[in-house]
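This report refers to the structure that appears directly beneath it.
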Amino acid sequence: MNDPIPDNLVTATMDAVIGNDITATLLPDTINVATPSSLDGAGEITYGSAVEVSAWVEDNTEIVKNAEGQDILSKHKIMTKTAIGTQSRIWLPSLSTSDDTLARTPIQVRKVGTGTNSTLYLTLL
């Protein structure tokens, strides 16, 4: 009978695979994200330049609750290695960042663990 593989070896192997290959394997898409930078004279949020973020994007329609507990229709799931703020602007793959009307803001952002040293974030749009 074979001895079971020790848990610490399984975890270390998972972390190595997820940590090193996550961008190419699990996050094949590119989104653009602009984060809030300040408030203008009228109290409106201004944004920094959009930056490219590796992501996994899935079209997925479902009803989810926003921060106020309201039911909102979510049309996309996005997985990233970095958290996206709830006031950030997100442009889905192939959309132009020169058109602010194409940007979406998150409904929800959740931390999703994938191993002892790896974390992913699920953002619902």
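Quick notes
- Contacts under 6 angstrom Cβ, first residue in segment 18-34 being under 9 Å from S54 (Cα atoms) and of a type in the set (S, T, Y), partner exposed (fewer than 14 other Cβ atoms within 10 Å of the Cβ) and at pLDDT 90 or above, 6 or more apart: T30/E52; T30/P93
- The single condition among (1) farther than 18 Å from D59 by Cα; (2) at pLDDT 95 or above; (3) surrounded by 14 or more Cβ atoms within 10 Å (Cβ to Cβ); (4) polar (S, T, N, Q) that T101 does not satisfy is (3).
- For segment 73-98, a residue qualifies if it is crowded, with 18+ Cβ neighbours inside 10 Å and of a type in the set (A, V, I, L, M, F, W, C), and the qualifying residues are I78, M79, I84, I90, W91, L92.
- Scanning segment 43-87 for residues that are over 15 Å from R110 (Cβ atoms), touching a residue at least 12 places away in the same chain (Cβ under 8 Å) and outside any strand (DSSP E or B) yields G48, S49, A50, Q87.
- Test for N20: is it modelled with pLDDT under 65 and more than 13 Å from the chain's Cα centre (by Cα): yes
- Scanning segment 33-50 for residues that are within 18 Å of the chain's Cα centre (by Cα) and exposed (fewer than 12 other Cβ atoms within 10 Å of the Cβ) yields a single hit, S49.
- If you go through segment 96-125 and pick out every residue that is more than 13 Å from A55 (Cβ to Cβ) and outside any strand (DSSP E or B), you end up with 15.
The values are calculated or read from the model by the stated rules, or taken from the named source; none is laboratory data. These figures come from a predicted structure and were not determined experimentally. Counting neighbours? That spans all protein chains shown, and the Cβs are built from the backbone with ideal geometry, glycine included.
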